[in-house]
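Peer 1: A single structure is presented below for examination.
The values are calculated or read from the model by the stated rules, or taken from the named source; none is laboratory data. Because the structure is a prediction, the values reported are computed rather than measured. Positions of Cβ are backbone-derived with ideal geometry, glycine not excepted, and every protein chain shown enters the neighbour counts. Accessible surface areas use protein heavy atoms only, side chains included; no ligands, DNA or RNA. Shrake-Rupley method; radii C 1.70, N 1.55, O 1.52, S 1.80 Å.
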Amino acid sequence: MARQVYDYTKTVLQKVSFNADLFYKELEKALKKLLPHEIKELKIWLTEFTSNKPELYYCLSIVE
């Protein structure tokens, strides 16, 4: 079940990545629901996903 939440989180973040504020809010919600090891995985995924999206860089600060 937990893995489904992680996968769903990635899907939602990909869909809202057009809006940095919405992306930030969804990321906040996700961090409340995910397990600690999933947050580590998400951080790695976020670094790769935002590598070509400079408008989302500030959102990474919430994960650290």
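Peer 1: All but one of (1) at pLDDT below 95; (2) in contact with a Ser or Thr (Cβ under 7 Å, 6 or more places away or on another chain); (3) of a type outside the set (Gly, Ala, Ser) hold for VAL5; state the number of the condition that does not hold.
Peer 2: So VAL5 meets the others, but not (2).
Peer 1: Applying the selection to segment 2-43, what residues are within 16 Å of ILE62 (Cα to Cα), of a type in the set (S, T, N, Q) and assigned to a helix (DSSP H, G or I)?
Peer 2: The answer is THR9, and nothing else.
Peer 1: What pairs can you find where one residue is in segment 11-24 and of a type in the set (Gly, Ala, Ser), the other is open to solvent by less than 60 Å² (accessible area, probe 1.4 Å) and in a helix (DSSP H, G or I), and their Cβ atoms are less than 8 Å apart, with a gap of 6+ or different chains?
Peer 2: From residues that are of a type in the set (Gly, Ala, Ser), the pairs are SER17/PHE23; SER17/PHE49; SER17/LEU56; ALA20/LEU56; ALA20/CYS59.
Peer 1: Of all residues in segment 1-46 being among the small types (Gly, Ala, Ser) and touching an Asp or Glu at 6+ places or on another chain (Cβ under 8 Å), which is most open to solvent (accessible area, probe 1.4 Å)? Before the answer, list the steps.
Peer 2: From segment 1-46, those among the small types (Gly, Ala, Ser) are 2, 17, 20, 30; that's our starting set.
With touching an Asp or Glu at 6+ places or on another chain (Cβ under 8 Å) added as a condition, the list becomes 2, 20.
Values: ALA2: 41, ALA20: 23 Å².
Restricting to residues being among the small types (Gly, Ala, Ser) and touching an Asp or Glu at 6+ places or on another chain (Cβ under 8 Å), the top hit is ALA2.
Peer 1: Within the set of pairs 6+ apart or on separate chains, which have a first residue in segment 39-64 that is within 16 Å of ASP7 (Cα to Cα), a second that is open to solvent by 80 Å² or more (accessible area, probe 1.4 Å) and outside any loop (DSSP other than H, G, I, E, B), and C-beta atoms under 8 Å apart?
Peer 2: Pairs found: PHE49/GLN14.
Peer 1: Out of (1) exposed (fewer than 13 other Cβ atoms within 10 Å of the Cβ); (2) assigned to a helix (DSSP H, G or I), what's the single condition that is false for GLU64?
Peer 2: Of everything listed in (1) exposed (fewer than 13 other Cβ atoms within 10 Å of the Cβ); (2) assigned to a helix (DSSP H, G or I), GLU64 misses just condition (2).
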